[in-house]
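Heads up, the thing below is written out as structure tokens.
Every number in this text was worked out from the coordinates using simple rules, so none of it is lab data. Values in this document were obtained by computation on a predicted structure and should not be read as measured data.
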Amino acid sequence: MAGTYRALSFDFHKPDPQIYHVRLERMRLEACDVLHVGDDPVEDVVAAQRAGLDTVWINRDRLEWTHDEAPSMAAADLRELTLRLTSR
């Protein structure tokens with residue numbers, strides 16, 4: 001099951017991890033079953049990690065990761081991510 005959800009449809013706002021907990025509950029999924037993909041290090045990656053999700057950082061500008069906990073994976077764009085996920 002795949003889905004795209006906008007943060008604006010919640011009472012919580014990124015980087016509050018509660019937004020991820022609410023979405024997981026509504027979708028009846030466990031955090032361990034979800035891979036969150038985002039391009040903002042704090043609002044996407046760190047917040048999702050705090051909610052227990054595995055994360056992918058889309059790093060289009062090839063920046064250095066400056067936060068304590070690294071994402072599960074990083075990719076320059078969605079094409080690279082797709083290639084890496086399908087070659088496993």
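Using C-alpha pairs below 8 Å separated by at least 6 residues, the relative contact order for the chain is 20 percent. How large is log10 I(q)/I(0) at q = 0.15 Å⁻¹ when the Debye formula is applied to the Cα atoms of the chain, each weighted equally and without solvent? Calculated log10 I(q)/I(0) at the listed q: -0.55.
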